[in-house]
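Below is one structure, written out as structure tokens; the observations come after it.
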Amino acid sequence: MEEILEEKNNTLEQNRNEDRQELVTANEQKSFLDTTLGKVVNTAVDLGLRWVLPDFVEKQVIDVKNSLIKGGLKEGIDKAIDSAVELGKSVTGIFTGKFENVSQAQNAVKNGGIIDGISDALDTALSFTSKQGWIPREVTSMIRQGKNVILDNVSNNIETEFVSQLNSIEKLGKYENNWRTYYQAQDFAGMEREYQKIKDRLKEVLPIEQTLKQAREIENLHLLIKNNGQNFNLTQEQLALAGILTK
């Protein structure tokens, strides 16, 4: 029992120490965008290739995609995403290196030339794979002719992802408000349900300082009450341990 309490207190202390520091770094945001947008673009290219190669069976489309990846398409897409994010920050005036909200990230990616970058990556991969004989020239020609279809699909998927991000932030705020309502009513079961929703939703959204700060305040108080046997009668010392002040 003592070991469990010590572990729980260590979690609170760790949260408290992290609250004194930056909760989000520019590298963490970059990593999230690289991974998320990379998946989005990859899916869009897959669907786009199926559109421009309608007579190809699934295996043939996969073979073409694998040849493009072998020809440097993935590296080109990764570079396009990185360049778009960094250029977009400069264009939109984000000089701190970090996004303060999802809309800033959305505008940065949109203004950073990501579609042009992916277009160049696709052209480069097509030229290389064609020269190597990995993709027949007639297939290369079909993909070039249908490239705008692929790029439109990429653009739409990126836009959809950011809309999803904004919706997730909205839902996160709703869950946090629900948690506060249950807290005021001293309904720990309700708090626990909303707390789990908050934790799950945080995994899906771009790490933002203010977003994590609000979630961390809830987490600290939630764990404190949970560790206190779900007793809401907390002393000032206990509140100090969590590093928060209730409002």
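General observations
- For the set 70/203; 39/59; 30/59, the pairs lying more than 29 angstrom apart at their alpha carbons are 70/203; 30/59.
- Area accessible to solvent at residue 128, 1.4 Å probe radius, in Å²: 90 Å²
- Largest first, the residues 170, 192 sort by 1.4 Å accessible area into 170, 192.
- Residue-level accessible surface for residue 83, protein heavy atoms, 1.4 Å, Å²: 60 Å²
- Candidates 198, 168, 223 compared by Cα position along the dipole of segment 165-247: farthest toward the positive end lies 168, with charges placed on Cβ.
- Entry for segment 132-247 at q = 0.20 Å⁻¹: log10 I(q)/I(0) = -1.05, Debye formula applied to identical alpha-carbon scatterers, no solvent contribution.
- Working note: Cα atoms of the chain, range along each principal axis, descending, whole Å: 75, 40, 32.
- Accessible carbon and sulfur surface of the chain relative to its total accessible area, %, 1.4 Å: 49 percent
- Cα centroid of segment 187-234 to Cα centroid of segment 139-156, whole Å: 45 Å
- Distance violations [Cα-Cα > 21 Å] among 74/131; 89/171; 110/197; 89/197; 98/213: 89/171; 110/197; 89/197
- Model label points for residue 123 and residue 230, set 7 angstrom from Cα along the Cα-to-Cβ axis, are 6.4 nm apart.
- Under Karplus coefficients 6.51, -1.76 and 1.60, residue-wise ³J(HN,Hα) of segment 156-162 in Hz, glycine/proline x: 5, 5, 5, 4, 4, 4, 6
- Inter-label distance, nm, simple model (7 Å from Cα along the C-beta direction), residue 90/residue 26: 1.2 nm
- Dipole magnitude of segment 172-247 about its Cα centre (Cβ charges: Lys, Arg +1; Asp, Glu -1), debye to nearest 20: 140 debye
- With distances taken between every two different alpha-carbon atoms, segment 64-210 has a Kirkwood hydrodynamic radius of 18.0 Å.
- Volume per residue of the C-alpha convex hull in segment 108-154, rounded to whole Å³: 62 Å³
- Only the Cβ atoms of Lys and Arg (+1) and of Asp and Glu (-1) were treated as charged; on that basis the dipole of segment 25-172 about its Cα centre amounts to roughly 240 debye.
The values are calculated or read from the model by the stated rules, or taken from the named source; none is laboratory data. This is a predicted model, so every value here is computed, not measured. So basically every Cβ, Gly included, is an ideal-geometry build from the backbone, and we count neighbours across all protein chains shown. Protein only, heavy atoms only, side chains kept; ligands, DNA and RNA dropped before computing areas. Shrake-Rupley method; radii C 1.70, N 1.55, O 1.52, S 1.80 Å.
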